[in-house]
1. For the Cα atoms of the chain, what angle does the longest principal axis make with the long axis of helix 116-128, in degrees from 0 to 90, nearest 10?
2. Helix-only mean residue ellipticity at 222 nm, the chain, DSSP H runs n ≥ 4 weighted -39,500 (n - 2.57), per residue, nearest 500. What is it?
3. Whole-Hz Karplus ³J(HN,Hα) for segment 54-66, in order, using 6.51 cos²θ - 1.76 cosθ + 1.60 and θ = phi - 60°, x for Gly and Pro?
4. Would you mind getting the Kirkwood hydrodynamic radius of the chain from its Cα pairs, rounded to one decimal in Å?
5. Compute a Gaussian network model of the chain, connecting alpha carbons closer than 10 Å, and tell me which residue from H265, H185, H147 fluctuates the most.
6. If DNA, RNA and ligands are ignored and the probe is 1.4 Å, what is the ranking of Y13, Y27 by accessible area, most exposed first?
7. Can you return the aspartates and glutamates within cross-link range of K152? Criterion is Cα-Cα under 16 Å, with same-chain partners fewer than 8 residues away left out.
8. What order do you get for 1-11, 196-206 when each peptide is scored by the mean count of other beta carbon atoms within 10 Å, highest first?
Amino acid sequence: EAIAKLENPGVSYDLMRSVCNVGQVNYLCRTTPKGMCNDALQSFDEATRASFTTITGLPLDDAQWAQACARVKDAGMGLRQASRTADAAYLGSLTATADLGSAVRPEHGPRAIVSSHAVLAVAGINELLLPSQQVSPLMAGTVLKQHDLMKKVEKSNTKQRLDVALPDTRARLNAYSATTAAKWHGAIPSRTLDMDLASSVFVTTVALQLGVDVQEEVISCPFCAAICDCGGRHAISCMAGGDATTVHNEVRDEVFQWCKRAMLHPFLEKAGLLSRTDLPGGRRRPADVLICGRTGFLAGLPGGD
């Protein structure tokens, strides 16, 4: 609740993902069977969802919240659910400490591995896995790792999510799962380092990733006359002067300012660079930011002096 009250939603999200995530209850999950603490875990998950809703102001449905709880590499927001982690954590701890438990209490090892709590934990894990990945009944000497089990769960959830997704949803999930597509998740919000998203930009970015509508009605694009969908997909892909052009120009201006600070004497879209080409008036500007004006490179270009 305290994190949700912070003014900067980017900071709130970063703290929620890296500090107040499922790791806060991982010790409880590893030491206590899920059946004994499920109410507490459900309460923790509900509080996480409520805080995230407060931070973003987005009315997420169950499918969108499930995506938010997926790994960042799977187009998620990395907000893992404690109730889905509990069985894997308990099995990992139980099998890893079986030998130590037997050394302290000889009858502990075999009985613990085949106990009703262990059997229920295996069943709980298998409910989340595809048939081909399910865990076999535990035997004495079995060692499972929480990381490996959760990796199987995440892969199964991702496949199931894609299998039932509509074509446009599948395209969005694949796009946000691409390499470097979600690198902004790992950026620590910092005004000093110019890595702090404005509140409106942060909320819109999250909405686009989770498939939440960013406009109330379908309208005609003022640049290309195509249909602008409520999900904002056309706005970020229109090449007739829409957001794609705006982002391009903002990146160009940012690079230009950094080059100036580095005293590279840059030119911003230098005119007449290819003045002897067929296009009249020297309107061709192949360099958004030209930084080789003093290196002699221009002399080798058409129209170069």
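The values are calculated or read from the model by the stated rules, or taken from the named source; none is laboratory data. Source: prediction; values computed, not measured. All Cβ positions, even for glycine, are placed from backbone atoms using ideal geometry, and neighbour counts span all protein chains on display. To get the accessible areas, we keep the full protein, side chains included, count just its heavy atoms, and leave off ligands, DNA and RNA. Shrake-Rupley method; radii C 1.70, N 1.55, O 1.52, S 1.80 Å.
1. 30
2. Details: 12 runs with 148 residues, N = 305.
Only helices count here, giving -15000 deg cm²/dmol.
3. So the J values, rounded to whole Hz, are 5, 5, 8, x, 9, x, 7, 7, 4, 5, 5, 5, 4.
4. Working: mean 1/r = 0.0427 Å⁻¹.
About 23.4 Å for the chain.
5. Per the Cα network of the chain with a 10 Å cutoff, H265 tops the list.
6. On the way: Y13 5, Y27 175 Å².
Per-residue accessible area, sorted high to low, gives Y27, Y13.
7. The reachable aspartates and glutamates, counting only those whose Cα sits under 16 Å from K152, are D74, D87, E127.
8. Numbers: 1-11: 14.9, 196-206: 16.5.
In descending order of packing, they fall as 196-206, 1-11.
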